[in-house]
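Please read the structure below before turning to the comments.
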Amino acid sequence: MLIDKTGNTSIITQEKATIIELVKKIHALYPKFKNDNIIICLTSLNKINVEDIVEFLQLSNTHRNNKQSFVIVSNKIDLDDVPDEIVVVPTIQEAHDIIEMEEMERDLGF
């Protein structure tokens, strides 16, 4: 797990461990990220399925309830299969775009 913090956004990149191990690590380190927007980058994984994405659902809901963005980046999953409650995009740039839009919405009171 690699962590890169830029401004108020933390990018967490998964390289080797399983999705379940990654979710556990993020839960353990959550106080460190709770005030940041979070991007989870899973592009280095060879296979990923909807069940893997759903593992992040509780963490995503908690983070979004705290008025922060939570975006997963993966280009190895059909985005139409992903539940609407969690944001998944194919590129890091799109993740940054989503965060920028969500920050504008929060600033406007949505």
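Every number here is computed from the coordinates shown, using simple stated rules; none is lab data. As the structure is a prediction and not an experimental result, all values here were calculated from the model. So basically every Cβ, Gly included, is an ideal-geometry build from the backbone, and we count neighbours across all protein chains shown.
Quick one: Kirkwood hydrodynamic radius for the chain, alpha-carbon pairs, angstrom, one decimal? Let's see the in-between values first.
Working: mean 1/r = 0.0716 Å⁻¹.
Radius from the Kirkwood sum: 14.0 Å.
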Taking K and R as +1 and D and E as -1, what net charge do the other residues with C-beta under 14 Å from the C-beta of Glu105 add up to?
-2
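If R₀ is 25 angstrom, what is the calculated FRET efficiency for the pair His27 and Lys47, using the beta carbon separation as r and rounding to 0.05? Write out the running numbers ahead of the final one.
On the way: r = 23 Å, r/R0 = 0.91.
Approximately 0.65, to the nearest 0.05.
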At 7 Å along the Cα-to-beta-carbon direction for both Lys34 and Asn66, put a label point, then send me their distance in nm to one decimal.
0.5
Starting from the amide H of Val87, placed 1.01 Å from N in the peptide plane, find each other amide H under 5 Å away whose residue is 5 or more places distant or on another chain.
Ile72
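Of the listed pairs Lys24/Lys76; Lys32/Lys76; Lys34/Lys76, which have alpha-carbon separations greater than 24 Å here? Don't skip to the answer; put the middle values down first.
Working: Lys24/Lys76 22 Å; Lys32/Lys76 28 Å; Lys34/Lys76 27 Å.
From the list (Lys24/Lys76; Lys32/Lys76; Lys34/Lys76), the Cα-Cα distance tops 24 Å for Lys32/Lys76; Lys34/Lys76.
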How charged is the neighbourhood of Lys34? Take every other residue with its Cβ under 14 Å from the Cβ of Lys34, and add Lys/Arg as +1 and Asp/Glu as -1.
+3
Spacing of the two label points (7 Å from each Cα toward its C-beta) at Leu57 and Glu103, in nm:
3.0
Under 5 Å between amide H atoms, partner at least 5 residues away or on a different chain: which partners does Cys41 have, H built in plane at 1.01 Å?
Ile12, Thr13, Gln14, Val73
From phi via Karplus (6.51, -1.76, 1.60), per-residue ³J(HN,Hα) for region 22-37 in Hz, x at Gly/Pro:
5, 4, 4, 5, 5, 4, 5, 9, 3, x, 5, 10, 4, 9, 10, 6
What number, in percent, do you get for the relative contact order of the chain if the mean sequence gap of Cα pairs under 8 Å and at least 6 apart is divided by its residue count?
22
What nm distance separates the two modelled labels at Ile92 and Phe110, each placed 7 Å from Cα along Cα→Cβ?
2.7
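Antiparallel as a % of all DSSP beta bridges within the chain, to the nearest 5? Write out the running numbers ahead of the final one.
Details: 5 of 17 bridges.
Here the antiparallel bridges make up roughly 30 percent for the chain.
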